[in-house]
Amino acid sequence: MIQLDQVSLRRGGRVLFQKASMQIHPGWKVGLTGVNGAGKSTLFAALLGSLTADEGTLSRPQVWTVAHMAQEVKALDMAAIDFVLSGDEEYWEIQAKLDHPEDLSDHDLAHLHGRFDEIDGYSAPAKAAQLMAGLGFMEHQNQLHVSSFSGGWRMRLNLARTLMSRSDLLLLDEPTNHLDLDAILWLEDWLKAYAGTLVLISHDRDFLDAITDHILHIENAELTLYTGNYSTFETTRSERLAQHQQAYEKQLETRAHLQKYIDRFKAKATKARQAQSRIKQLERMQMLAPAHVDTPFTFSFREPSKMSSPLLMMEHVDIGYGDKLIATDINLQITPTSRIGLLGMNGAGKSTLIKTLVGDLPLLAGERKASELLNIGYFAQHQMDALDDLASPMLQLARIADKKISEATLRSFLGSFGFSGERMDTPCESFSGGERARLALALIVWLRPNVLILDEPTNHLDLDMRHALTMALQDFEGAVVLVSHERQLIASVCDDLLLVHAGKCSEFDGDLQDYANWLRQARQDMIRQGGQTAPVVSKVAEQKAPVSKVDKEAQRKEAARRREQTRPIRKNIEKLEAQTAKIQPRLIEIEALLADTALYDANRKDDLLKIMNEQTELKAKLEQVEEQTLELMMELEELESSFD
């Protein structure tokens, strides 16, 4: 097993966590979580043995084979399947020796063949091919050189190489970042069947929920191990934080009381001894940190200044690059109430369609009609790359803001995206991927777009920021076109699904589970046909996804109308639930106080009466709030049922 005994790790003089002690047992599947910069990658380095703990000891069985997915892959002149096979180091070494039998004695040759059979070396090429197929590679791509693939596909090769290892410990850092949904679903199944110990860094909560049985969370320089998947962790942690917050508030009261006594009596000779006693008591008291239950990100999209309908139309459009046709005869209308999720396999043309919508790619045929009031907010990887590395977030925001806007307003706005203190004035050349993504998103939000076109906006965002983005998109008053491998984001934000596949862009009639089933079948069909991952019109037969016959424009308007009608009720329910969340912890605290027999002493009669009166008032208030909440929920249910 992996054992941490009083382990402390530092980076750049900053303590990431200290005095951590725990055990990770063989076969556990552990999700490693925490905000960006908390120390997840540093812990990985320690588990790999490339970093030594500053204090304490971190140990794991020396006989374990460790597989780790690196973040970069060189452009090698090596066949892709050979690159994957090299992930099984013993297989690769034996195969290299068997390729030159003239250099081996008969005894060595017999020994190698025996060991080759023991490790199932003869079936290794088939295993490698299966891994590649599961991650989206077609059979004809197995012999292509690694250097012929783009960066994202090289990362897939690197993942396949990592999975090829017959490992006892598997360390994966954001393995889904370059995968489409069908590859993610395949990877989930593979990891659930993995027999070794898994430690996984991921900001995809659905992925974590499907795989993990423990969550290791880094927060406030502490490592805490939780049993269960990510959803269970969230519930357990929220309960723990609520208890912690109560203890913190109680401690503040105690410290204030002690300090008041010290300040009042330390100068009086008759009370000096008691005052010194209080000072020592105060010094011994370990200061608790306040709990941060809520996400630090609370931004919202600014209301678009101008609107029209439709905002953007594409009629009989063909898209592609030069003479390469990707999809034909696309008809698409974007109105202020459009909420569109683009689906399709990696390379099918989703990003090509988005670039055409934005205007970055010329049409190959057809017409793109844009309203004079169209204001697109476009988020993609190149927006992050286009940031001015020598300029701070404040400077870059000030460049696009009205000169009349105060500096305090700009700083408050950036603060809602997680920039505070010196980070607002730090040139972004040193920023992490998550910080760059947040800054690019902040600059887009400031410009008050009426159409948001987002291409994988969550790739570099942690779970808190992903949650904040989901909430903000739900309340956004304009149109949304979204490409994302994150299922929860699509399900929470989008009303309509469009499928880009086999040279067509069609409406998909179904939910994401239907799409997952369709993906599995489509992938199997393409593998049987020896098709290409990125089909072009001239080479792939047309395959249409199920198309709804319902008027989709009417559906969009109806969905927007329903959101608008139910919003006031939902807001009121949220306010009442917030009140309940404040009352219940206090009632629990009062019950604990009332269980203390010392409270019933004669000299504490006033304290007892005060606490019991507070309990009565809070219970009455809670009953009233719960009754109002129930009435509103029934009202909401009736209103929603009237829509059907």
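Here, each number is a calculation from the coordinates, and none is a lab measurement. On a predicted model such as this, the values are computed, not experimentally measured, just so you know. Using ideal geometry, Cβ is built from the backbone for each residue, glycine included, and neighbour counts are taken over all protein chains shown.
A few points about this structure:
- Exposure proxy shown here: for V358, V7, the number of other Cβ atoms within 10 Å sets the order, fewest to most, as V358, V7.
- Rounded, prolate or oblate (a/c below 1.5 giving rounded, otherwise prolate when a/b exceeds b/c) for the range 389-447 by Cα gyration tensor: prolate
- Magnitude of the charge dipole, the range 72-166, Cβ model with Lys/Arg +1 and Asp/Glu -1, debye to 20: 660
- Among the listed pairs K582/K605; K324/K369; K19/K610; K74/K97, those with a Cα-Cα distance over 30 Å are K19/K610.
- Ranked S167, S59, criterion: other C-beta atoms within 10 Å, fewest first: S59, S167
- The spacing between the range 155-189 and the range 323-360, judged by their C-alpha centroids, is 28 Å.
- Cα-based reach from K29 at 18 Å (exclusive), listing aspartates and glutamates while leaving out same-chain residues under 8 positions away: D168, D173, E174, E188, D189, D204, D206, D209, D213, E234
- Amide H to amide H, with H built 1.01 Å from N, E55 comes under 5 Å of S8, counting only residues 5 or more places away or on other chains.
- Distances between placed amide hydrogens fall under 5 Å for F17 paired with L9, all partners being 5 or more residues away or on another chain.
- Model label zone, R115; criterion: amide N under 19 Å from point 7 Å along Cα-to-beta-carbon; scope the range 74-95: 85-95
- In sequence order, the range 14-24 has phi-based couplings of 9, 6, 7, 7, 9, 6, 8, 9, 5, 10, 10 Hz under the Karplus curve 6.51 cos²θ - 1.76 cosθ + 1.60, θ = phi - 60°, and Gly or Pro positions carry x.
- For the chain, with +1 on Lys and Arg beta carbons and -1 on Asp and Glu, the positive-most of Q628, G134, L463 along the dipole: Q628
- Applied to the range 339-352, the Karplus parametrisation 6.51 cos²θ - 1.76 cosθ + 1.60 on θ = phi - 60° returns per-residue 3J(HN,Hα) values of 9, 10, x, 8, 10, x, 5, 4, x, 6, x, 4, 5, 5 Hz, with x for Gly and Pro.
- Among the listed pairs K260/K619; K40/K350; K306/K571; K260/K621; K192/K350, those beyond 27 Å (Cα-Cα): K260/K619; K40/K350; K260/K621; K192/K350
- Cα-based shape type of the range 72-166, given that a ≥ b ≥ c are square roots of the gyration tensor eigenvalues and the cut on a/c is 1.5: prolate
- For the chain, a/c is not less than 1.5, where a ≥ b ≥ c are the root eigenvalues of the C-alpha gyration tensor, and a/b does not top b/c. That puts it in the oblate class.
- Applying 1/(1 + (r/R0)^6) with r as the Cβ-Cβ distance of T409 and A96 and R0 = 56 angstrom yields a FRET efficiency of 0.30.
- Full-extension gain in nm, A70 to R240, via 0.36 nm per residue minus C-alpha separation: 57.7 nm
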